1. For the subset of the range 1-13 comprising residues that are among the hydrophobic types (A, V, I, L, M, F, W, C) and either touching an Asp or Glu at 6+ places or on another chain (Cβ under 6 Å) or in a loop (DSSP other than H, G, I, E, B) (or both), which member is farthest from Arg75 (Cα to Cα)?
2. Quick check on my filter: what residues within the range 111-131 are in a loop (DSSP other than H, G, I, E, B) and either surrounded by fewer than 17 Cβ atoms within 10 Å (Cβ to Cβ) or in the same structural domain as Ser192 (by TED's automatic domain parsing) (or both)?
3. Quick one: count up the residues across the range 134-176 that are in a loop (DSSP other than H, G, I, E, B) and not polar (S, T, N, Q).
4. Any chance the range 106-122 includes a residue that's under 30 Å from Ser55 (Cβ atoms) and without any contact (Cβ under 8 Å) to a residue 40 or more places away in the chain?
Amino acid sequence: MNYILNIETATKNCSVSLAKNGETVLCKEIAEQGFSHAEKLHVFIEDILKETGVSVKDLKAIAVSKGPGSYTGLRIGVSAAKGLCYALGVPLISVDTLQVLTRQVAVGKGLIIPMLDARRMEVYSAVFDANHTKIKDVQAEILTEESYAEITAPVYFIGDCQEKCKTVLMAANFHFLSEIIFPSANEMSSLSYEKFVKNEFEDVAYFEPFYLKDFLISKPK
């Protein structure tokens, strides 16, 4: 049995799941306004292992959501994942955060566009087809009334910035799935297992999150 621990901290949602052969056994998560990842993450990991009766020695790999997303959230998740990999001698798997978010959607046709807030009218986005295949790479973009105007197929927007998106994205074929806001470690289970089977591992020493934009530190005025 291949147990993989999945860690998702790219947004306000601090989420951890344990998966067996690609199926989620147990998932714990909480989305709070003031990022509490540093306090909650290790508690969730300990609770999941205790409740499932799985030992850390049974883990075959650690998977982490690689971004884009919150700098602080990504740093906390990746640091925890790396620490576990070093301690246990198991491989590290990284999963695209927007792909994780997209897996919560099932549509018959059209496009799925996951978006994460990057402040003001800027978002982190990508485009997936109805089969969850990425057809446009992740990018940081500023939304305008012309965004996605060339698309005539049904478009389903998901993510944590839908209210501001609605102010400029108003075409008749645009649909907002407001119940899907944050990526979850629950959807990481199948994605991380696919990479595990293919031996698609990261270099634990050199792996860095996909911040997409440089993190800028401004001096206080």
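1. Here is the first cut: in the range 1-13, the ones among the hydrophobic types (A, V, I, L, M, F, W, C) are 1, 4-5, 7, 10.
Right, trim to either touching an Asp or Glu at 6+ places or on another chain (Cβ under 6 Å) or in a loop (DSSP other than H, G, I, E, B) (or both) and you get 1, 10.
Details: Met1: 30, Ala10: 9 Å.
Among those that are among the hydrophobic types (A, V, I, L, M, F, W, C) and either touching an Asp or Glu at 6+ places or on another chain (Cβ under 6 Å) or in a loop (DSSP other than H, G, I, E, B) (or both), it is Met1.
2. Within the range 111-131, the first condition is being in a loop (DSSP other than H, G, I, E, B), and the residues that meet it are 118-121, 130-131.
Answer for the range 111-131, where residues must be in a loop (DSSP other than H, G, I, E, B) and either surrounded by fewer than 17 Cβ atoms within 10 Å (Cβ to Cβ) or in the same structural domain as Ser192 (by TED's automatic domain parsing) (or both): Arg119, Arg120, Met121, Ala130, Asn131.
3. Here is the first cut: in the range 134-176, the residues in a loop (DSSP other than H, G, I, E, B) are 143-154, 160-161, 166-173.
Checking which are not polar (S, T, N, Q) leaves us with 143, 145-146, 148-151, 153-154, 160-161, 166, 168-172.
The qualifying residues number 17.
4. Initially, the range 106-122 is screened for residues under 30 Å from Ser55 (Cβ atoms), giving none.
No - not one qualifying residue is present in the range 106-122.
The values are calculated or read from the model by the stated rules, or taken from the named source; none is laboratory data. Since the structure is predicted, the reported quantities are computational estimates derived from the model, not experimental observations. All Cβ positions, glycine included, derive from the backbone under ideal geometry; neighbour counts span all protein chains shown.
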